[in-house]
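Presented below is the structure to which this report refers.
The values are calculated or read from the model by the stated rules, or taken from the named source; none is laboratory data. Quantities reported herein were computed from a predicted structural model and do not represent experimental measurements. Every residue, glycine among them, receives a Cβ derived from its backbone with ideal geometry; neighbour counts consider all protein chains shown.
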């Protein structure tokens, strides 16, 4: 019966059942080890499967995408549009967050007792992340460029946090294939083309367990958040409810206002159809909190459901999963000002401009994995003179907010991909005429004699 339901419906059922199971486990005192030892591993296997194919997919698809563009000028044109669109959406997200947090001032109402208990509870974790951020700050300003060039490609492909290095090599390899003799380039292109199809087929296999993996992830998340004292967890979350609502409000503003405006301004795609097409990827992003792990599914849906050409998706989406973090940027701007407010610090206009700059740069440096945004947040805090230990104030709801901001990250990637495809004339005729991605191919076939 479950197999007859659409994938997004199966995933929603998995999410809801996982939530119910987690709450029931807490309410009736079911031992945590049952969930963590026997249910959570299913979710871990699912995430590991997606992570397993993320790097090979980026490598193969990006090489194919660049080599299929035909010439360097087209690559530079598409690359310029992509980077500009990512930059603009990131700045809009940061400014949205700053506007909301300055308007509602959630940090000023945080009780001293709550602040002290949160700082005490997460002091150790905050210190570990501060050490990681300190290493970033001690680096040369040009270190991000240095880190982009891999010393060992094979080593880079074993680390999902090194995706930018793989992107760099893949773009370089694709350009090289454009410039060497076709007789020598064609076998290499054919190999990676076949390898790309192989990875996509493996994605299909992994998605079979998606509903079960999502159920396990949600159930274990609820149990872990509750800890040994469920009432304490509820109290902490309620104390930070205003902050969380502001972050969520900003994220939904991006999803329901900014993204539809971009699609309407540059394409003829209806946002309802767009949303319906990528819904499984959004649900996966929500459950995994990883844009990198979601990337294989995002690429598959963008090509098959939205009908965008492989040339565009294989270039823009891997790049977006690496450097386009709209949700993370918005969260960092809200969190930085919230922490300053909670600590009784007034930020000047120049300090808030610094938040825009550092959050934009931090978005490029953030890995598309759960929790990476917290480390980059410390860099933002240090740039405006706010104590890094202040991240302890927002760590209680961070895991839940991470799920929502990852959805915005992934959605933003696909929006930019659609916009770039439209400006390049790479959207299918059926979609442009009817605005329906699910009937685009059928419409073309019906008119073909």
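Residues considered: 347, 401, 427. Of these, the only one that is modelled with pLDDT of 80 or more, crowded, with 17+ Cβ neighbours inside 10 Å and not in a helix (DSSP H, G or I) is 347. When each of 177, 198 is tested for being more than 24 Å from residue 74 (Cα to Cα) and at pLDDT 85 or above, the lone residue that passes is 198. Checking the stated criteria, residue 59 turns out not to satisfy the condition of being buried (at least 22 other Cβ atoms within 10 Å of the Cβ) and under 18 Å from the mean Cα position of the chain (by Cα). Across region 172-205, the number of residues qualifying as within 21 Å of the chain's Cα centre (by Cα) and either free of Cβ contacts under 8 Å to residues at least 12 places away in the same chain or surrounded by fewer than 20 Cβ atoms within 10 Å (Cβ to Cβ) (or both) comes to 3.
Checked against the criterion of being part of a helix (DSSP H, G or I), at pLDDT 85 or above, over 16 Å from the mean Cα position of the chain (by Cα) and surrounded by 24 or more Cβ atoms within 10 Å (Cβ to Cβ), the candidates 333, 329 yield just one match: 333. Remark: residue 36 matches the filter, which requires a residue to be in contact with a helix residue (DSSP H, G or I) (Cβ under 8 Å, 6 or more places away or on another chain) and over 21 Å from residue 201 (Cα atoms).
Residues in region 361-394 that are at pLDDT 65 or above and either touching a strand residue (DSSP E or B) at 6+ places or on another chain (Cβ under 6 Å) or surrounded by fewer than 19 Cβ atoms within 10 Å (Cβ to Cβ) (or both): 361, 382, 383, 385, 387, 389.
Candidates 44, 35, 9: the one that is at pLDDT 85 or above, surrounded by fewer than 16 Cβ atoms within 10 Å (Cβ to Cβ) and assigned to a helix (DSSP H, G or I) is 44.
Kindly indicate whether residue 313 is in contact with a helix residue (DSSP H, G or I) (Cβ under 9 Å, 6 or more places away or on another chain) and either more than 18 Å from residue 167 (Cα to Cα) or free of Cβ contacts under 8 Å to residues at least 24 places away in the same chain (or both). No.
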